[in-house]
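Some notes on the structure that comes next.
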Amino acid sequence: MSEPVTVHGYIEQELMEMDPAILRGIIHERIHHTIEVNIYRIMAGKRGIQKSFGETGEYLMDIWKRRGLPTDAPDIQWSLNYVGLARMLRTGGELDLGTELPEAFPDQEMETVNKLIYRRRSIRQFKDKPVPDELIRKVIQAGLYAPHGCNVGTTRFVVFKKPEEFKLVRSDIPVENCVMIVVCQDMRLYKAMRFDKAVPQNIYYDAAAAADHICLMAHALGLGACWLTHGEETQKRVREYLGLHDEFVSRNHIIVGWPDEAPIKSQKMKVDEVIITK
């Protein structure tokens, strides 16, 4: 009798009964590691193609569909697309991805990039003016699209708008006239794949990258932002306030609002001073 198919040690019945959020994380990671990081080297002739190429992702997407889970979200569509590309390549089809190699930005666009990177400042005082929900969603989407180790997709965001909610989060600066975006993670996803043991550093890098993208988008929208970290006491208060499971962990928070100060941009060392050579 052949061994049952397992993914990260989970057999089909376990995958069929698994919390959809955890299954989704496993799909993200397996599509990334078994298809995405290999397909382009295969297409370039730098790596041979295995007979089973893409079948793990196909198996997982079949389980997702059999469970009647929605397939219209961008991440699931991305997964289905890669499964289809892998199948086509596996069966000898020709691929036309419709993508282009990165190119240097023209000078006019580089001016915008420089303005974004070199003029962004941490803002700690804000005008008494509400931030529209539309702009909050834009900065959160930027955080969502930050680099994420192994493409697991654990990042979640909490938006606090009320002064009593601000008090849940320990902050070393006054927090007023702003919204607070708390970057959180569903640790069940890391733990389901044992990544909390294998690559624990990813946890903190993922949260930091999300916060950085949020600050950059806030600056581009004319908003001000400042991101700060917090510890276990805050994590516990946030979790209890929202009534969430013990594996839901907040990592950092960003205050966002309309700037009411114009700080001098901090300057850095010379590039030659920070490049280490032998």
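Brief remarks on what is shown
- Some residue of segment 1-24 being touching a residue at least 24 places away in the same chain (Cβ under 8 Å), under 21 Å from the mean Cα position of the chain (by Cα) and surrounded by fewer than 13 Cβ atoms within 10 Å (Cβ to Cβ): yes
- Among (1) at pLDDT below 95; (2) at positive phi, the one test that G54 misses: (1)
- Scanning segment 90-136 for residues that are surrounded by 12 or more Cβ atoms within 10 Å (Cβ to Cβ) and not hydrophobic (A, V, I, L, M, F, W, C) yields R90, K115, R120, R121, S122, R124, Q125, K127, P130.
- A count restricted to segment 219-231 and to residues that are crowded, with 21+ Cβ neighbours inside 10 Å and either out of contact with any Leu (no Cβ under 8 Å at 6 or more places or on another chain) or polar (S, T, N, Q) (or both) stands at 3.
- Test: R87 is assigned to a loop (DSSP other than H, G, I, E, B), in contact (Cβ under 8 Å) with a residue 24 or more places away in the chain and surrounded by 10 or more Cβ atoms within 10 Å (Cβ to Cβ): no
Rundown of residues vs (1) without any contact (Cβ under 8 Å) to a residue 40 or more places away in the chain; (2) within 20 Å of K161 (Cβ to Cβ); (3) out of contact with any Pro (no Cβ under 6 Å at 6 or more places or on another chain), yes/no style:
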site: A207; (1), (2), (3): no, no, yes
site: A210; (1), (2), (3): no, yes, yes
site: G224; (1), (2), (3): no, yes, no
site: L228; (1), (2), (3): no, yes, yes
site: E233; (1), (2), (3): no, no, yes
site: R237; (1), (2), (3): no, yes, yes
site: E247; (1), (2), (3): no, no, yes
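- Qualifying residue in segment 122-134 (condition: in a helix (DSSP H, G or I) and either on the phi > 0 side of the Ramachandran plot or in the same structural domain as L221 (by TED's automatic domain parsing) (or both)): yes
- Scanning segment 163-218 for residues that are among the β-branched types (V, I, T) and either in contact with a Phe, Trp or Tyr (Cβ under 9 Å, 6 or more places away or on another chain) or farther than 21 Å from E233 by Cβ (or both) turns up V169, V175, V179, I181, V182, V183, V199, I203, I214.
- Only residues that are over 27 Å from C226 (Cβ atoms) and in contact with a helix residue (DSSP H, G or I) (Cβ under 9 Å, 6 or more places away or on another chain) were counted in segment 85-113, giving 11.
- Residue selected from segment 55-84 under the condition free of Cβ contacts under 8 Å to residues at least 40 places away in the same chain and within 17 Å of H8 (Cβ to Cβ), by the criterion surrounded by the most Cβ atoms within 10 Å (Cβ to Cβ): G57
- The single condition among (1) in a helix (DSSP H, G or I); (2) under 22 Å from A211 (Cβ atoms); (3) out of contact with any helix residue (DSSP H, G or I) (no Cβ under 7 Å at 6 or more places or on another chain) that L116 does not satisfy is (3).
- Out of M187, M217, one residue alone is over 14 Å from T154 (Cβ atoms) and either of a type in the set (K, R) or assigned by TED's automatic domain parsing to the domain that holds E134 (or both). It is M217.
- A count restricted to segment 137-183 and to residues that are under 18 Å from Y204 (Cα atoms), crowded, with 16+ Cβ neighbours inside 10 Å and of a type outside the set (A, V, I, L, M, F, W, C) stands at 8.
The values are calculated or read from the model by the stated rules, or taken from the named source; none is laboratory data. In this text the structure is predicted, and so the values were computed from the model without any measurement. As a convention, Cβ positions derive from the backbone with ideal geometry for all residues, glycine included, and neighbour counts pool all protein chains shown.
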